[in-house]
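Working notes, beginning with the structure itself.
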Amino acid sequence: MKSNIKKFFFTKMLVGIAAIAMLSSCVNDQSSKKYKDAVDIPVNQEMIAELTSPPFVPTPVGKRMAKKLIVDLEIQEREGEMTSGVKYIYWTFGGTVPGSFIRTRVGDEIEFHLKNHPDNKLPHNIDLHAVNGPGGGAESSFVAPGHEKVFSFKVLNPGLYVYHCATAPVGMHIANGMYGLILVEPEGGLEPVDKEYYIMQGDFYTEGKYGERGLQAFDMQKAIDENADYVVFNGHVGAMTGDNAITANVGETVRLFVGNGGPNLVSSFHVIGEIFDKVYVEGGDLVNDNVQTTLIPAGGAAIVEFKVEVPGTFILVDHSIFRAFNKGALGMLKVGGEENEKVFAGEIHDGIYLPEGSVIQSMPSLDRNKEKEEVKALSFEEKMKFGKDKYMATCVACHQGNGQGIPNAFPPLANSDYLNADVDRAIDIVLHGLSGEITVNGKKYNSVMTAQALSDQDVANVLTYVYNSWGNNKTDVTPEMVEAVRNK
Amino acid sequence: MKYYSTALFLLLSLFCKLSAQNDKMAMVEGGVYLPLYGAEGKTVKVEPFLMDVHPVTNADYLKFVQENPKWKKSNVKSLFADKSYLSKWTDDTTFTGLKDAPVNNVSWFAAKNYCECQGKRLPTMDEWEYAAMANENVPDARKIKAYNQYILNWYETPKTFNQPVGSTFKNYYGIYDLHGLVWEWTQDFNTVLISGESRKDVDKDANLFCGSAAIGASDLMNYAAFMRYAFRGSMKARYSSQNLGFRCAKDIEN
């Protein structure tokens, strides 16, 4: 640890010297005087704030002096996709949920331009938790569609802060995605790291249940009951999985700016397979070391930092775990680079053990009679389409976007000898779950898949999709085949 | 300032060319209702009045600006309309969109004068809210879930302003499109203030909303209505908006 600190100071010195050398010919842009009260920090020059969409963050402020920082943010009400086949009208700051990331430093004077797009139906405003003033700016920023409001404030407290809309009905504006983060860096900036990302959790309430297709309206009653259909990172299911995963390389330090827009649920933020070396608790000055899961209140934030030692896919979850696997609160950090067996040796032994949890887990069964009436014969194309949606909503977290699975954890579905050998067995696994050891393409897997509460048609769709993708044997699974297995 | 503005309105109405258009109006029986805002439990009495069956259309408004050139896009005084006034019109006499779609991007001053030129007036907020409680069958449908869901679904549907008038349902009084196409100006559009800081509005001291109605916006009626009051609260009389039109009303003559 000691040598680490030494090394850190050495690096910092080098960076400092380099920066001074680079800037010596330019305007003196570095502050040297310390101010007791942030209110007294003078600003020099104007600067347009760089705004970024999640999961990206703007360039660190480093040692720049306090400036008049112009933030230009446009409100857009627009349709987006919650998960495959499920549309939702999001209300956004800057076109994304969460809204654009704002990065500033103590002493900056922010001139905030809030623009409400003329096509929008509703007035909006913004409450920034980084503001010391009435309504966090909400009162001064209430803006009709087709108008722009300008207000200004000085940032006094360093930390990571949530911003959100606070127009009546407040909860609904937040529930529709109107939130984001504003980072106020301390004098001299945060310590440099290799990778920085922006992640924000939010809960969503739709008329239909999770995965129900079509344009879904906001459901106020569910919101009041705090009965979320979706709990997601960065606005929708899959915003940070597969091709959208965030990345790093072995040996790098990663800093995550994690916010929670709510409106209702607090987050138990956790990265599977990593320990946070440092957590800036609630986004403030208090630093906690060696943390497994950090609690992020609704309307709160945390900065977490860790070094990635080994390659692999690290899953980001809300460890209120059903949200992760059943409501969407799941992201991925893909780490590339060399294995380091000193840190993680992988599997070294595979023996027999009879676990207490060998009983297959089950979920409440559907009202099958009701479901049966709704079954219509679907064309092969429809089955593939709906099957893919169901796959992306239900199976992708474990079996991955191209059915490749996760080594040593979840077996592949792509080109799978186990799958292709027995369709009834596959149906049975989807219906009733599976636990214990199986061998797929010569590799052993020992994990648990829970029974899925899907209708016969859904099972037929998803399996038809799987069998007709990724080099499998093109079986067309029908609801009748599913029913036969169910009734066995 | 107030007197000055009042004088201006009078001036405007004096110079308006009266041309009663053949707009159908429907009678709204008066009554007593409990609005969302105001002192707790205090009902408001609405006298019987006439209301346009449809919102004012683009074609209606074109006729109006031709007869009253001071309201043409190029002539309008910035005191009475901001830059977005008729912003989708390509020139003084050419509008985009359907001729029977509701006119939008019109300021309150313009809407008010339009109605005056028809020998009418803008509905008061209470009149508008009272008429808009009705669904197809009953005068007060505010407790009916499907009715509220209809309104909310509209709020969440973009670009409804370019549908023809009459394309939504005919309500109990025979009036169309109170929900479903555009927001509508009312005479006293922001007498009920939702201030910029909406959470302060629930403060009883502020006396803008009754605390319980605002804080317990738990039922559908409240949250649909809230969005209307919030919208009105964000407007000023010279503003105009893509999703905002109007219709006229009239007293019943004895």
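Only the coordinates and a few stated rules stand behind these numbers; no lab work does. Just so you know, these numbers come straight off a predicted model, no measurement behind them. With ideal geometry, Cβ positions are generated from the backbone for all residues, glycine too; neighbour counts draw on all protein chains shown.
Odds and ends about this structure:
- Proxy reagent accessibility, fewest Cβ within 10 Å first, across B:Cys115, A:Cys398, A:Cys165: A:Cys398, B:Cys115, A:Cys165
- Other residues within the sphere of radius under 12 Å centred on the Cβ of B:Gln242, judged by their own Cβ, net out at +1 (K and R +1, D and E -1).
- Amide N proximity, the stretch A:63-104 versus A:Ile48 label position 7 Å along Cα-to-Cβ, cut-off under 12 Å: A:70-73
- Label-zone membership for the stretch B:101-134, site B:Ser78, 7 angstrom Cα→C-beta point, backbone N under 19 Å: B:106-110
- Here's how it looks for A:Gly328: its modeled amide H is under 5 Å from those of A:Val231, which are all 5 or more places away or on a different chain.
- Inter-site label distance for B:Glu136 and A:Glu341 at 7 Å from Cα along Cβ, in nm: 7.5
- Calculated FRET efficiency for the pair B:Ser87/A:Phe56, C-beta based, R₀ 35 Å, to 0.05: 0.55
- Among B:Arg228, A:Arg425, A:Arg255, A:Arg78, the ranking by other beta carbons within 10 Å of each residue's beta carbon, starting with the fewest, stands as A:Arg425, A:Arg78, A:Arg255, B:Arg228.
- Along chain A, longest interval not containing exposed GluC sites (Glu not before Pro), exposed being DSSP loop plus at most 11 other Cβ atoms within 10 Å: A:1-337
- Potential lengthening between A:Glu309 and A:Asn402 on full extension [0.36 nm per residue; Cα-Cα distance subtracted]: 30.8 nm
- Look at the stretch A:167-177: the mean tally of other chain Cβ atoms within 10 Å of its residues' Cβ atoms is 5.
- When only alpha carbons are used to place a centre, the stretch A:470-488 and the stretch B:93-164 end up 53 Å from one another.
- On the basis of the beta-carbon distance and an R0 of 41 Å, B:Asn153 and A:Asn132 show a calculated FRET efficiency of 0.55.
- Summing +1 for each Lys or Arg and -1 for each Asp or Glu among the other residues whose beta-carbon sits under 15 angstrom from that of B:Asn105 gives +2.
- The A:Asn288 and B:Glu67 beta-carbon pair, evaluated with R₀ = 56 Å, returns a calculated FRET efficiency of approximately 0.15.
- Segment A:Thr439-A:Lys87, extension gain: residue separation times 0.36 nm, minus the distance between their alpha carbons: 122.9 nm
- Averaged over A:121-132, number of beta-carbon atoms from partner chains that fall within 10 Å: 4
- Long pairs among A:Lys115/B:Lys42; A:Lys115/B:Lys72; A:Lys68/B:Lys72, criterion Cα-Cα beyond 29 Å: A:Lys115/B:Lys42; A:Lys68/B:Lys72
- Across B:Lys83/B:Lys236; B:Lys112/B:Lys143; A:Lys149/B:Lys83; B:Lys24/B:Lys120; A:Lys278/A:Lys334, pairs whose alpha-carbon gap is larger than 22 Å: B:Lys112/B:Lys143
- Cα→Cβ-extended label distance, 7 Å offset, between A:Lys488 and A:Asp37, nm: 7.8
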